[in-house]
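Below you'll find the structure, written out as structure tokens, and then a few comments.
The values are calculated or read from the model by the stated rules, or taken from the named source; none is laboratory data. Note that the coordinates shown come from a computational prediction; the quantities given were computed from them, not determined experimentally. So basically every Cβ, Gly included, is an ideal-geometry build from the backbone, and we count neighbours across all protein chains shown. Remember, those area values only see protein heavy atoms, side chains included, never the ligands or the DNA or RNA. Shrake-Rupley method; radii C 1.70, N 1.55, O 1.52, S 1.80 Å.
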Amino acid sequence: MDFLRPASWEEALAAKAEFPTAVPIAGGTDVMVEINFDHRRPEYLLDLNRIGLLREWEVGEDVVRLGASVPYTQIMENLRTELPGLALASRTVASPQIRNRGGVGGNLGCASPAGDSHPALLAAGAEVEVESVRGSRLIPIDEFYTGVKRNALAADELIKTVHVKKADGPQQYSKVGSRNAMVIAVCAFGLALHPETRTVRTGIGSAAPTPIRAKVAEEFLNAALEEGGFWESGKVITPSIAKQFGDLASGAANPIDDVRGTAKYRRHAVGIMARRQLVWTWEQYRGTGNGRSLEGAA
């Protein structure tokens, strides 16, 4: 196994062009586990730890540009207001040591359906900026996951930055696991309210071959909120709406039975998380005074 260690982003792109099978490594959370257990033996490892720009972030007027190697700890500490869903997801990642090393780029590159950041990125409507010596492009998060542990990257491309719109409404994230830390998700769910466009987006992890959105549940909820005048009034979400949303989210899942949980349990848990998160985020929305009359407030 050869070890490539570029000193700049330009050198990294050149190395990836010359050695397209090279596996990028930064935090190494997933890659090193696979190598240590001899599940993977790449011909080349492409070390990105000397590339400073991958650990930088920029908060713009509307969008946060998040370097692929910004550690989860930095997201938790510095971007809780701008990216609340992703900050919540970051708190569930492994241990403090791994949160200090791992970043969103690694999750995206591995494209595991159980990656902790995926539901939050889907719910937020992120875009992934990738680059090669041929140029750069933005890939909408909905188009990024192409199969089990497969993504839309070309062989010579590297993930540079993730573009995430600053939250304009409440966001939530939940993860079910066999313990509180150092655990792969049995299933996970993310929800984001977008009051500016009067829409809701979701993200489901570890309950389908790829991270997915519960699109039918979103369409139902978007229609129910609009037709019922909920955005303007800020009135309480009815139990029937919350239940139907949870049921539809559960129906979007396409899980399997494995050592972490059964398909039946995963569907059930996704539905419960969806229903609870809807109640939590909507109460947050009402509490900020976004609804005009706040009808039904306690």
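Within segment 27-50, residues that are at positive phi have Cβ atoms under 8 Å from residues that are open to solvent by 20 Å² or more (accessible area, probe 1.4 Å) in these pairs: 28/101; 28/106, counting only partners at least 6 apart in sequence or on another chain.
Among the residues of segment 108-133, write down those that are in a loop (DSSP other than H, G, I, E, B), farther than 21 Å from residue 183 by Cβ and without any contact (Cβ under 8 Å) to a residue 60 or more places away in the chain. Spell out the reasoning first.
At the first step, the residues of segment 108-133 found to be in a loop (DSSP other than H, G, I, E, B) are 111-117, 125-126, 133.
Subsequent filtering for residues that are farther than 21 Å from residue 183 by Cβ retains 125-126, 133.
If the condition is that a residue be in a loop (DSSP other than H, G, I, E, B), farther than 21 Å from residue 183 by Cβ and without any contact (Cβ under 8 Å) to a residue 60 or more places away in the chain, then 126 is the only one that fits.
Across segment 129-160, the qualifying residues are those that are β-branched (Val, Ile, Thr) and within 17 Å of residue 22 (Cβ to Cβ), and the one among them that is surrounded by the most Cβ atoms within 10 Å (Cβ to Cβ) is 159.
Residue by residue, here is whether (1) open to solvent by 10 Å² or more (accessible area, probe 1.4 Å); (2) more than 21 Å from residue 145 (Cβ to Cβ); (3) in contact with a His (Cβ under 6 Å, 6 or more places away or on another chain); (4) modelled with pLDDT under 95 holds:
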residue	(1), (2), (3), (4)
178	yes, yes, no, yes
183	yes, yes, no, yes
191	no, no, no, no
196	yes, yes, no, no
200	no, no, no, no
217	no, no, no, no
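Taking segment 15-51 as the range and being over 27 Å from residue 126 (Cβ atoms), open to solvent by 20 Å² or more (accessible area, probe 1.4 Å) and part of a helix (DSSP H, G or I) as the test, the residues that pass are 18, 36. On inspection, residue 80 passes the criterion of being within 16 Å of the chain's Cα centre (by Cα) and among the charged types (D, E, K, R). Can you find, within segment 116-170, the residue that is nearest to residue 47 (Cα to Cα) among those that are β-branched (Val, Ile, Thr) and touching a helix residue (DSSP H, G or I) at 6+ places or on another chain (Cβ under 7 Å)? Once the filter is applied, the top-ranked residue is 159. A Cβ distance below 8 Å, combined with a sequence gap of six or more or placement on separate chains, defines the contacts here; from segment 80-102, residues that are outside any helix (DSSP H, G or I) reach residues that are open to solvent by 40 Å² or more (accessible area, probe 1.4 Å) and modelled with pLDDT of 95 or more in the pairs 82/59; 82/166; 83/166; 92/175. Residues in segment 99-124 that are touching a strand residue (DSSP E or B) at 6+ places or on another chain (Cβ under 7 Å), open to solvent by less than 30 Å² (accessible area, probe 1.4 Å) and either of a type in the set (S, T, N, Q) or on the phi > 0 side of the Ramachandran plot (or both): 111 alone. Of all residues in segment 128-165, exactly one satisfies the criterion of being within 14 Å of the chain's Cα centre (by Cα) and basic (Lys, Arg), namely 165.
Does residue 242 fit the bill of being open to solvent by less than 10 Å² (accessible area, probe 1.4 Å) and outside any helix (DSSP H, G or I)? No; evaluated as a whole, the condition is false for this residue. Scanning segment 13-34 for residues that are within 19 Å of residue 97 (Cα to Cα) and not polar (S, T, N, Q) gives 25, 26, 27, 28, 30, 31, 32, 33, 34. Look at (1) open to solvent by 80 Å² or more (accessible area, probe 1.4 Å); (2) modelled with pLDDT of 95 or more; (3) of a type outside the set (A, V, I, L, M) and you find that residue 74 fails only one, number (1). Among the conditions (1) modelled with pLDDT of 95 or more; (2) over 21 Å from the mean Cα position of the chain (by Cα); (3) open to solvent by less than 30 Å² (accessible area, probe 1.4 Å), the only one that residue 54 does not satisfy is (2). For segment 125-168, filtered to residues that are in contact with a Leu (Cβ under 8 Å, 6 or more places away or on another chain) and among the hydroxyl-bearing types (Ser, Thr, Tyr), the residue that is farthest from residue 85 (Cα to Cα) is 132. Among the criteria (1) buried (at least 17 other Cβ atoms within 10 Å of the Cβ); (2) at pLDDT 95 or above; (3) of a type outside the set (Asp, Glu), the one residue 80 does not fulfil is (1).
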